[in-house]
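Asker: Got a structure for you, questions after.
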Amino acid sequence: MNKIYFGLLFLMLNNFFVIGQNKGAVSVEKTFYKNGLPSKEVWYSANKKIDSIKTYLIAGGLMELFYFDENGKLHGKCSQYSAENKLKTSWEFNHGKLLNRTDNFIDYNLKNKNIIERSLATAVKYGQIDGDNPDNRNALYARANALSALGNGILALNDFLLLKDIYEERKQLKDSAVLAEVYSRVGSAYSYYNESDKSIHYRMLAIKTNPKETRHWYNLGSYLSLGQRNFREGMHYLKEVLKIHPKHNFANWALGACYLELEQYDLAFKYVNLAFDNEAFLYKYGTGKSENDIRTVRGLAYHKLGKSELGMADLNEAIHINDKNSIAHAYLGIVYSDLGQKQKACEYFQKAKELAYDKKYPYREFQSFIEKACNSKEKLDDVPFIAVKDMSYIAPNPAVDFVEVFNFPYLDFSYQIFNINSRLIREGKSINSKVKVDGLPTGLYLLTINKEGKQETFRLLKN
């Protein structure tokens, strides 16, 4: 009974669940994005061996297609497609060995052109190494990172999981820093397909394995806040980074983006400006793929603080750097709408929609904006909008002894706590909105609260 209930919670939190479909000799596991569209399908043969993997773009459409032999090795012709449904990359494997890779075109922008070109060269250089051989671990690590930068998510995840097994089996203390880095990369690879609980699990393992490396704290904090919209939980880890490195560019950028979502525009501006102190560092060590980059964040913050001209300059520069930045287009629509220039606002909102803004960010307000600016009654497939500042949340999170629930209409309610393995760990009644968590082992949990048909579910991080 507990596992069934936990599965429902899992669906609510992640839009993730597993469906068994038996069509003769075939079954499939499906993962979903937050907008309800499928992110990944793993198909199995009758003997429960992996047969193929299909992944999908967040706005819909096939992204990757890989086939496997009876031993779980990549085999046959595999492919990856662009957002325009064009064949981007194709591979041919023979029982795990790469025979050839063909790139019909490469996606890059002004920020990540050098990274993409270097990554492609590395992927080609190490494409045919035997990943099962521990002696190849350094080359395998380089290849995995290159594949990740190129957006070859399934291949990157396979390589990182091979590395995880290699370093876990070695069990050498001197490898702890490398193993932690691998855990972090595995977590990032799972997040590519919204496999969020796996992603959080491995990011937390990275911190546990090498707690002195602040990059792992940043990776978890930025994913919780900007990836999963658990802003307050993620901001805890980001602020821990800044206690040690106050000028940490990535942590300052992420905090700026968080405060923008929380509509605290002065703080958003403060932190994102700190990130600007070394903008080149962000481009050198980042992926260059984020639409929510420092110019996009500062652009809207400028506007909300009454400096619309400066805001538009930042947003236009963000689009110049990456003309597929749907957030920058949407933000320019907001600026022009606030300034009373409806036609201009409509143009930017329509462009944002063409770039699948409403599919990528279904939790952001968009329906009312495009209706107002374009006099449109077209209904978008978005979810009801609730401002971040009005959402229910728990704090402190991570927690030690207790958590308190905020923005929930009741002070007293029933609660249940489940661990990552679906097991009911604790249940009871709150006391003045507080839930006791003392005695729980360190790790990731789900907390569900309920009263009079009103239910909320939260990820709980226990220190």
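Asker: Looking for whichever is surrounded by fewer than 18 Cβ atoms within 10 Å (Cβ to Cβ), over 27 Å from ASN419 (Cα atoms) and modelled with pLDDT under 90 here; the options are VAL18, VAL26. Which one fits?
Answerer: Exactly one residue qualifies, and that residue is VAL26.
Asker: Which residue out of TYR44, TYR5 is at negative phi, at pLDDT below 90 and not basic (Lys, Arg)?
Answerer: Going through TYR44, TYR5 in turn, the sole match is TYR5.
Asker: Only one residue in ASP132, ASP107 is surrounded by 13 or more Cβ atoms within 10 Å (Cβ to Cβ) and among the acidic types (Asp, Glu). Which one?
Answerer: Just one listed residue meets the conditions, ASP107.
Asker: Quick one: in the stretch 264-279, which of the residues that are modelled with pLDDT under 95 and acidic (Asp, Glu) is surrounded by the most Cβ atoms within 10 Å (Cβ to Cβ)?
Answerer: Top of the filtered list is GLU279.
Asker: Ok, one more. Checking PRO362 against (1) modelled with pLDDT under 90; (2) surrounded by fewer than 19 Cβ atoms within 10 Å (Cβ to Cβ), which test does it fail?
Answerer: Of the numbered conditions (1) modelled with pLDDT under 90; (2) surrounded by fewer than 19 Cβ atoms within 10 Å (Cβ to Cβ), the odd one out for PRO362 is (2).
Asker: Which fully enclosed helices (runs of 4 or more DSSP H) of the stretch 324-436 have 3 or more residues being of a type in the set (Gly, Ala, Ser) and either within 28 Å of the chain's Cα centre (by Cα) or under 30 Å from GLN455 (Cβ atoms) (or both)?
Answerer: Of the helices (runs of 4 or more DSSP H) lying wholly inside the stretch 324-436, those with at least 3 residues that are of a type in the set (Gly, Ala, Ser) and either within 28 Å of the chain's Cα centre (by Cα) or under 30 Å from GLN455 (Cβ atoms) (or both) span 326-338.
Asker: Moving to a separate point now. Does at least one position in the stretch 247-263 carry a residue that is surrounded by 17 or more Cβ atoms within 10 Å (Cβ to Cβ), among the aromatic types (Phe, Trp, Tyr) and in contact with a Gly (Cβ under 6 Å, 6 or more places away or on another chain)?
Answerer: No: the stretch 247-263 contains no residue that is surrounded by 17 or more Cβ atoms within 10 Å (Cβ to Cβ), among the aromatic types (Phe, Trp, Tyr) and in contact with a Gly (Cβ under 6 Å, 6 or more places away or on another chain).
This table checks each residue for (1) in contact with a helix residue (DSSP H, G or I) (Cβ under 9 Å, 6 or more places away or on another chain); (2) free of Cβ contacts under 8 Å to residues at least 60 places away in the same chain; (3) under 24 Å from LEU262 (Cβ atoms); (4) β-branched (Val, Ile, Thr).
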{"site": "PHE349", "(1), (2), (3), (4)": "yes, yes, yes, no"}
{"site": "ALA373", "(1), (2), (3), (4)": "yes, yes, no, no"}
{"site": "PHE418", "(1), (2), (3), (4)": "yes, no, no, no"}
{"site": "ARG423", "(1), (2), (3), (4)": "yes, no, no, no"}
{"site": "GLU427", "(1), (2), (3), (4)": "no, yes, no, no"}
{"site": "ILE449", "(1), (2), (3), (4)": "no, yes, yes, yes"}
{"site": "PHE458", "(1), (2), (3), (4)": "yes, no, yes, no"}
{"site": "LEU461", "(1), (2), (3), (4)": "yes, no, yes, no"}
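The values are calculated or read from the model by the stated rules, or taken from the named source; none is laboratory data. Treat the numbers as computed from the prediction; the structure is a model and nothing was measured. FYI the Cβ positions are ideal-geometry reconstructions off the backbone, even for glycines, and counts take in every protein chain you see.
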